[in-house]
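J.: The structure follows.
The values are calculated or read from the model by the stated rules, or taken from the named source; none is laboratory data. This one's a predicted model, so the numbers in the text were calculated from it and none came from an experiment. So basically every Cβ, Gly included, is an ideal-geometry build from the backbone, and we count neighbours across all protein chains shown. Note: areas computed on protein heavy atoms with side chains; ligands, DNA, RNA excluded. Shrake-Rupley method; radii C 1.70, N 1.55, O 1.52, S 1.80 Å.
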There are 2 protein chains.
Amino acid sequence: MSLMQHSASISSSSSAFLGESNIFSRTSKVSLPSNKSGLCKCVSSPPTEKTAYNTKVARNANMAKLQAGYLFPEIARRREAHILKYPDAQVISLGIGDTTEPIPKVITSAMTKRSHALSTLEGYSGYGAEQGDKQLRAAIASTFYGDLGIEEGDIFVSDGAKSDISRLQILFGSNLTMAVQDPSYPAYVDSSVIMGQTGQFQKDVEKYCNIEYMRCTWENGFFPDLSTVSRTDVIFFCSPNNPTGASATREQLMKLVQFAKDNGSIIVYDSAYAMYISDDSPRSIFEIPGAKEVAIETSSLSKFAGFTGVRLGWTVVPKELHFSDGFPVAKDFNRIVCTCFNGASNIAQAGGLACLSPEGLKAMHKVIGFYKENTEIIVDTFNSLGFSVYGGKNAPYVWVHFPGRSSWDVFSEILEKTHLVTTPGSGFGPGGEGFIRVSAFGHRGNVLEASKRFKQLYK
Amino acid sequence: MSLMQHSASISSSSSAFLGESNIFSRTSKVSLPSNKSGLCKCVSSPPTEKTAYNTKVARNANMAKLQAGYLFPEIARRREAHILKYPDAQVISLGIGDTTEPIPKVITSAMTKRSHALSTLEGYSGYGAEQGDKQLRAAIASTFYGDLGIEEGDIFVSDGAKSDISRLQILFGSNLTMAVQDPSYPAYVDSSVIMGQTGQFQKDVEKYCNIEYMRCTWENGFFPDLSTVSRTDVIFFCSPNNPTGASATREQLMKLVQFAKDNGSIIVYDSAYAMYISDDSPRSIFEIPGAKEVAIETSSLSKFAGFTGVRLGWTVVPKELHFSDGFPVAKDFNRIVCTCFNGASNIAQAGGLACLSPEGLKAMHKVIGFYKENTEIIVDTFNSLGFSVYGGKNAPYVWVHFPGRSSWDVFSEILEKTHLVTTPGSGFGPGGEGFIRVSAFGHRGNVLEASKRFKQLYK
């Protein structure tokens with residue numbers, strides 16, 4: 001349907017694009033010549049809509065494969081609708097994993113200082129390196145990868161792991177196969193669909209064709225049975241896991257690395273929750289010998305330092321990682337970063353550097369400790385109600401089982417009856433069906449109040 | 001070639017990922033089991049290189065099409081090499097268009113305030129909307145698109161135009177065709193190659209197959225002869241142009257919009273230099289009637305407010321813009337933004353809002369005025385030397401003609417003999433051959449010194 005109706009005359013704007021002297025002073029009336037190509041076709045349109053012109057550009061078929069909206073905006077939409085319905089309700093969100101506690105002053109003061117410096121001749125700087133500030137890259141390498149052989153040059157600083165996951169997908173392109181944990185953070189699957197690595201969504205199994213879903217449930221201790229997993233080019237693996245909160249043990253990660261080596265696969269390891277680990281689970285895939293030849297790691301300060309809004313993350317692409325023709329993956333990723341990105345905000349990077357100072361690390365651990373206490377409260381709540389509860393120990397997420405029930409039904413029941421926002425497990429993949437993810441990010445009072453409401457609902 | 005050698009035992013790291021109590025306290029020695037798949041093959045390796053393992057993941061063939069490095073990192077590399085060669089030289093860069101003047105205090109103080117607020121209970125905020133802060137989106141709409149019918153919901157705030165160009169390419173996918181001005185900002189072509197929209201690079205003509213290069217030279221007043229341009233799905237168009245500094249007139253843009261309508265194409269209009277316009281050239285493609293049905297506009301505060309390092313831009317996708325099946329482009333772009341991005345830094349957004357206050361606008365215009373004085377100095381310099389000089393009037397770039405010479409040769413000559421960094425015109429496409437782009441971003445003293453050196457070299 002191609003329709004067009006355009007003989008309107010629109011006055012040109014007075015705008016800030018104008019020189020200062022003539023802001024708001026310019027108006028000119030111009031008409032577009034009538035369409036010459038004969039494309040124009042008048043059709044009747046619904047009364048509420050104006051006539052519409054369509055370009056001849058075909059919609060990207062991969063976009064059309066995507067199901068509904070991205071999970072978290074969908075939850076935000078339902079939350080808004082709930083607030084409209086119950087304007088007086090005290091809604092508490094333990095849904096999207098959004099940090100709530102102030103950023104320690106030792107970190108914000110570095111950002112304040114950097115912001116101020118930008119207004120001075122000595123302190124001003126323009127474009128930074130696309131890969132990030134050298135000092136910050138070195139600090140990330142030494143702080144998080146100490147003696148693991150990861151160097152400054154292997155680190156690419158970014159505006160967060162979500163952006164980096166997409167940049168990695170651009171790097172990989174459309175002609176490869178990928179595996180994800182099921183359930184998993186939706187950005188892996190959705191970005192894969194967008195890049196054209198998958199087939200259509202199959203409603204009966206709730207899976208996309210051509211993605212290997214590695215089932216991670218309570219039955220297998222949230223680690224996939226690799227003997228049943230088909231080879232793929234790329235394996236997305238998040239530990240501690242979002243949403244299940246499970247962290248893989250050293251032995252499990254050794255199996256995963258060996259599996260990747262046997263298959264010549266690349267692991268994209270998401271360690272965005274690594275600082276929440278309490279036991280001796282590895283904090284980085286690079287603790288596993290040989291991982292540098294088969295793994296990329298992406299991480300972020302979002303959950304470590306409350307940087308969800310500040311935006312700062314990084315990706316490690318070891319120089320030892322090669323494509324099948326021997327070409328270093330890092331070299332292509334560097335090209336992607338230089339072409340598709342212009343570096344993280346210099347103010348955020350100043351904050352990142354402060355995070356990694358001895359005082360910054362101490363302050364981060366304190367806030368993480370606070371959220372871990374929240375986690376305990378939530379775990380105890382559901383345990384006391386007789387639920388099977390997973391996660392929590394090494395992650396800010398508690399994974400609660402509602403056997404035989406639909407996740408979205410439970411989500412709606414909780415929201416409707418307690419004004420609490422959670423996240424339906426099935427939003428993370430079919431393997432999450434029957435579960436609810438409860439986030440431990442919240443003020444203490446809210447977490448205690450939520451605990452009370454859960455107890456009232458499910459007593 | 002698949003080779004592998006891994007029986008090393010690597011001690012696991014002590015790292016910040018560990019709980020605070022046990023930082024630097026953990027060491028364990030583990031060995032990876034030997035490879036079981038029989039993939040392992042020992043081959044002799046060059047003496048300087050360790051044995052290398054290659055995954056079986058094929059390199060993205062589109063990445064292999066890219067020529068050399070992205071332009072500006074390549075220039076930075078040559079600059080570094082020059083400094084190594086002449087450690088005492090006072091190198092002045094008028095190369096990459098990088099702002100040099102401090103950000104006005106009215107703007108930085110908003111960022112200082114926001115940074116500080118993040119350390120308080122009342123001022124802290126986590127994830128913002130992926131599309132950007134509502135207030136900022138509204139301010140962009142009203143400031144830059146006043147009465148042009150662009151609304152808050154049409155604006156997507158980002159970390160800069162370069163990132164948005166890539167996100168637009170992800171939106172479009174690989175199955176469409178594109179046109180660019182020749183010469184043009186390299187990110188359009190390179191991101192198109194990466195997304196697989198093009199064929200191989202053809203060395204004889206210095207063009208990629210399947211890209212329509214719209215020649216914009218002094219012969220045609222830097223506006224393409226549209227009667228010779230083939231239809232493409234997407235048309236990248238930057239005005240005022242980087243690198244030529246030429247801005248399209250209202251009549252030219254009306255022709256462009258009509259051309260897009262006739263062909264059912266989508267224009268991606270880059271207005272990142274619009275505030276440098278001195279004459280009555282349109283500041284936005286949306287000043288042209290009907291443009292909302294065929295155009296996207298991307299812009300940025302980088303060159304308006306010295307935000308090259310702070311990172312803040314936006315893209316306008318009007319709700320009137322549709323794919324051939326009638327699906328709104330904005331709806332798919334929203335999905336891309338939600339899946340591949342997590343919003344611009346909240347501190348940068350606070351700065352952006354301050355830019356658009358009456359005092360912020362005034363301050364921005366003052367800095368822009370300063371750079372425009374620089375531009376005049378550079379234009380006068382080359383005019384006095386008898387060169388043909390273009391651009392400058394409506395843009396911070398001066399486009400100098402060296403007829404019959406190679407741009408890279410001229411670039412090298414200038415660097416070698418004057419320690420001045422410029423940008424070779426051919427780096428922007430074959431249509432830039434024989435030209436040098438001189439950027440007006442610089443401290444006044446440096447611009448005057450550069451002028452002197454140019455005069456010495458070419459007197």
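J.: Going through segment B:211-242 one residue at a time, which ones are more than 16 Å from B:Met254 (Cα to Cα), open to solvent by less than 10 Å² (accessible area, probe 1.4 Å) and not in a loop (DSSP other than H, G, I, E, B)?
T.: B:Met214, B:Val234
J.: Please go through segment B:216-232 and give me each residue that is of a type in the set (A, V, I, L, M, F, W, C) and either farther than 19 Å from B:Val398 by Cα or modelled with pLDDT of 95 or more (or both), ordered by number.
T.: Passing the criteria: B:Cys216, B:Phe222, B:Phe223, B:Leu226, B:Val229.
J.: Please find, among A:Pro403, A:Pro396, the residue that is modelled with pLDDT of 95 or more and open to solvent by 40 Å² or more (accessible area, probe 1.4 Å).
T.: The unique qualifying residue is A:Pro403.
J.: I've got another one for you. Test of understanding: among A:Gly132, A:Gly173, A:Gly153, which residue is open to solvent by 10 Å² or more (accessible area, probe 1.4 Å) and either in contact (Cβ under 8 Å) with a residue 12 or more places away in the chain or facing chain B (nearest Cβ under 8 Å) (or both)?
T.: Selected residue: A:Gly153, the only one of A:Gly132, A:Gly173, A:Gly153 that is open to solvent by 10 Å² or more (accessible area, probe 1.4 Å) and either in contact (Cβ under 8 Å) with a residue 12 or more places away in the chain or facing chain B (nearest Cβ under 8 Å) (or both).
J.: Related question: Here is a list of conditions, (1) under 22 Å from A:Arg453 (Cβ atoms); (2) open to solvent by 10 Å² or more (accessible area, probe 1.4 Å); (3) at pLDDT below 95, and A:Ala89 meets all of them except one; can you say which number that is?
T.: Here A:Ala89 meets the rest and fails (3).
J.: Now a separate question. Looking only at segment A:95-124, count every residue that is open to solvent by less than 40 Å² (accessible area, probe 1.4 Å) and either within 25 Å of A:Arg283 (Cβ to Cβ) or at the interface with chain B (Cβ under 9 Å from one of its Cβ atoms) (or both) and tell me the total.
T.: 20
J.: Taking the condition farther than 25 Å from B:Glu101 by Cβ, surrounded by 24 or more Cβ atoms within 10 Å (Cβ to Cβ) and in the same structural domain as B:Asp133 (by TED's automatic domain parsing), does B:Val310 pass?
T.: no
J.: Criterion first (farther than 28 Å from A:Asn346 by Cα, part of a helix (DSSP H, G or I) and open to solvent by less than 10 Å² (accessible area, probe 1.4 Å)) does B:Phe304 satisfy it?
T.: no
J.: Name the pairs: first residue in segment B:86-100 and charged (D, E, K, R), second residue assigned to a loop (DSSP other than H, G, I, E, B) and surrounded by 12 or more Cβ atoms within 10 Å (Cβ to Cβ), Cβ to Cβ under 7 Å, at least 6 apart or on different chains?
T.: B:Asp98/A:Gly126; B:Asp98/A:Tyr127; B:Asp98/B:Thr308; B:Asp98/B:Phe441
J.: Related question: Name the one entry in A:Gly386, A:Gly369 that is at the interface with another protein chain (Cβ under 10 Å from one of its Cβ atoms), more than 21 Å from the chain's Cα centre (by Cα) and surrounded by fewer than 20 Cβ atoms within 10 Å (Cβ to Cβ).
T.: Only one candidate qualifies: A:Gly369.
J.: Give the residues of segment A:55-66 that are more than 7 Å from chain B (Cβ to nearest Cβ) and touching a helix residue (DSSP H, G or I) at 6+ places or on another chain (Cβ under 9 Å), sorted by residue number.
T.: Of everything in segment A:55-66, those that are more than 7 Å from chain B (Cβ to nearest Cβ) and touching a helix residue (DSSP H, G or I) at 6+ places or on another chain (Cβ under 9 Å) turn out to be A:Ala64, A:Lys65.
J.: Can you say whether A:Val294 is within 19 Å of the chain's Cα centre (by Cα) and either facing another protein chain (nearest Cβ under 7 Å) or under 25 Å from A:Gly351 (Cα atoms) (or both), as far as the supplied structure shows?
T.: It is false that A:Val294 is within 19 Å of the chain's Cα centre (by Cα) and either facing another protein chain (nearest Cβ under 7 Å) or under 25 Å from A:Gly351 (Cα atoms) (or both).
J.: Going by the structure shown, is B:Ala68 surrounded by fewer than 20 Cβ atoms within 10 Å (Cβ to Cβ) and within 30 Å of B:Cys209 (Cβ to Cβ)?
T.: For B:Ala68, the condition - surrounded by fewer than 20 Cβ atoms within 10 Å (Cβ to Cβ) and within 30 Å of B:Cys209 (Cβ to Cβ) - is met.
J.: Can you report the number of residues in segment A:429-453 which are open to solvent by 10 Å² or more (accessible area, probe 1.4 Å) and either among the β-branched types (Val, Ile, Thr) or assigned to a helix (DSSP H, G or I) (or both)?
T.: Residues that pass the stated criteria total 9.
J.: Another question about this same structure. Within segment B:411-459, how many residues turn out to be out of contact with any Lys or Arg (no Cβ under 9 Å at 6 or more places or on another chain) and among the polar types (S, T, N, Q)?
T.: 4
J.: What's the total number of residues in segment A:243-259 that are assigned to a loop (DSSP other than H, G, I, E, B) and within 17 Å of A:Glu287 (Cα to Cα)?
T.: So the count comes out to 3.
J.: Could you list all residues from segment A:303-333 that are without any contact (Cβ under 8 Å) to a residue 60 or more places away in the chain and within 8 Å of chain B (Cβ to nearest Cβ)?
T.: A:Gly309, A:Glu320, A:Leu321, A:His322, A:Phe323, A:Asp325, A:Gly326, A:Phe327
J.: Filter segment A:330-349 for residues that are within 16 Å of B:Val193 (Cα to Cα), open to solvent by 10 Å² or more (accessible area, probe 1.4 Å) and not in a helix (DSSP H, G or I) and give the result.
T.: Answer for segment A:330-349, where residues must be within 16 Å of B:Val193 (Cα to Cα), open to solvent by 10 Å² or more (accessible area, probe 1.4 Å) and not in a helix (DSSP H, G or I): there is none.
J.: Do any residues in segment B:69-84 that are modelled with pLDDT under 85 have Cβ atoms under 6 Å from those of residues that are open to solvent by 30 Å² or more (accessible area, probe 1.4 Å), where the two are at least six apart or on different chains, and which pairs are they?
T.: Every condition considered, the pairs that remain are B:Phe72/B:Ile96.
J.: Please identify the pairs in which a residue from segment B:200-221 that is more than 22 Å from B:Asn242 (Cβ to Cβ) and not assigned by TED's automatic domain parsing to the domain that holds B:Val389 has its Cβ atom under 9 Å from the Cβ atom of a residue that is open to solvent by 60 Å² or more (accessible area, probe 1.4 Å) and assigned to a strand (DSSP E or B), counting only partners at least 6 apart or on another chain.
T.: Between residues of segment B:200-221 that are more than 22 Å from B:Asn242 (Cβ to Cβ) and not assigned by TED's automatic domain parsing to the domain that holds B:Val389 and residues that are open to solvent by 60 Å² or more (accessible area, probe 1.4 Å) and assigned to a strand (DSSP E or B), the close pairs are B:Cys209/B:Gln202.
J.: Looking only at segment A:243-279, count how many residues are touching a helix residue (DSSP H, G or I) at 6+ places or on another chain (Cβ under 8 Å), surrounded by fewer than 21 Cβ atoms within 10 Å (Cβ to Cβ) and at the interface with another protein chain (Cβ under 7 Å from one of its Cβ atoms).
T.: Within segment A:243-279, residues that are touching a helix residue (DSSP H, G or I) at 6+ places or on another chain (Cβ under 8 Å), surrounded by fewer than 21 Cβ atoms within 10 Å (Cβ to Cβ) and at the interface with another protein chain (Cβ under 7 Å from one of its Cβ atoms) number 2.
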